[in-house]
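Student: Take this structure first; my questions come after.
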Amino acid sequence: MATKPQFKSKARAGTATAQQLGKGIMESAQQIWLAGLGAFSKAQAEGSKLFEALVKEGAQLEHKTRKFTDARVSEARGAVESTVGEARKRAADTWDRLEKVFEARVSRALGQLGVPGRRDLETLTARVEELAREVRKLNGGERPTAKRTTRVPAKRARKSA
C-alpha cells in the first residue's frame, strides 16, 4: 500500500504540472493574440502615415527619373540635330558638285555644237561696243539709225523658195 500513495502524489504532481503548463500556454496564446491585435491596430494607425511616406518617396523618385530622362533626351536630340546638320551639309556639297559637273558638260556640248559661251558673248559684246564708238567717231558723233527690214514668216519664205 505504500506504493499507491506515491503514485497518487506523482499523479497529482503531474496533474498540477499539466495544469500549470496549460495555463502557461493559454497565457502565451492570449499574449500572442493581444500582440497581433496591437500590431493590426498600429498598422491601421500607421498605415496612412506609411502610405503618405511612400507617396512622397515615389514623387521624389519620379522627379529624379524625369530629370535624368530629360537630360538623356536633350543629349540624344543634340546628337540627332548634329547628324542632320552634317547630312544637310554633305547633301549641299554633293548637289554643288553635281551642278558644276552638269554645267561643265552642258558647256562642253554647246561648244562642240558651235554655240558661243559666256566669255565669247562678253568678248563679242565688247567688240560691238568698240565698233559702235568707232562708227560714231566717223559719223561725227551722231548715232547711226538702224534700218528696219520687214520679216517674212517662215511658211511664206519656204513657199517662195
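Student: Name the residues in the stretch 108-161 that are modelled with pLDDT under 65 and hydroxyl-bearing (S, T, Y), would you?
Tutor: T145, T149, T150, S160, listed by residue number.
Listed here are the residues, each with its yes/no results for (1) loosely packed, with under 10 Cβ neighbours inside 10 Å; (2) modelled with pLDDT of 80 or more.
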position	(1), (2)
K4	yes, no
G14	no, no
A18	no, no
L21	no, no
S28	no, yes
L34	no, yes
G38	no, yes
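Student: Let me ask another. Answer yes if at least one residue in the stretch 88-100 is among the polar types (S, T, N, Q), modelled with pLDDT of 85 or more and not in a helix (DSSP H, G or I), and no otherwise.
Tutor: There is no residue in the stretch 88-100 that is among the polar types (S, T, N, Q), modelled with pLDDT of 85 or more and not in a helix (DSSP H, G or I).
Student: Whether any residue in the stretch 45-52 is of a type in the set (S, T, N, Q), out of contact with any Pro (no Cβ under 9 Å at 6 or more places or on another chain) and surrounded by 10 or more Cβ atoms within 10 Å (Cβ to Cβ) is what I want to check.
Tutor: No: the stretch 45-52 contains no residue that is of a type in the set (S, T, N, Q), out of contact with any Pro (no Cβ under 9 Å at 6 or more places or on another chain) and surrounded by 10 or more Cβ atoms within 10 Å (Cβ to Cβ).
Student: So is Q112 polar (S, T, N, Q), in a helix (DSSP H, G or I) and closer than 30 Å to F40 by Cβ or not? Steps first, answer last, please.
Tutor: Values: polar (S, T, N, Q): yes; in a helix (DSSP H, G or I): yes; closer than 30 Å to F40 by Cβ: no.
No: the conditions fail for Q112.
Student: Return yes when T65 is part of a helix (DSSP H, G or I), modelled with pLDDT of 80 or more and of a type in the set (V, I, T) and no when it is not.
Tutor: Criteria met by T65.
The values are calculated or read from the model by the stated rules, or taken from the named source; none is laboratory data. Since the model is a prediction, treat every value here as computed from it, not as a measurement. Every residue, glycine as well, gets a Cβ built from its backbone with ideal geometry; the counts of neighbours run over all protein chains shown.
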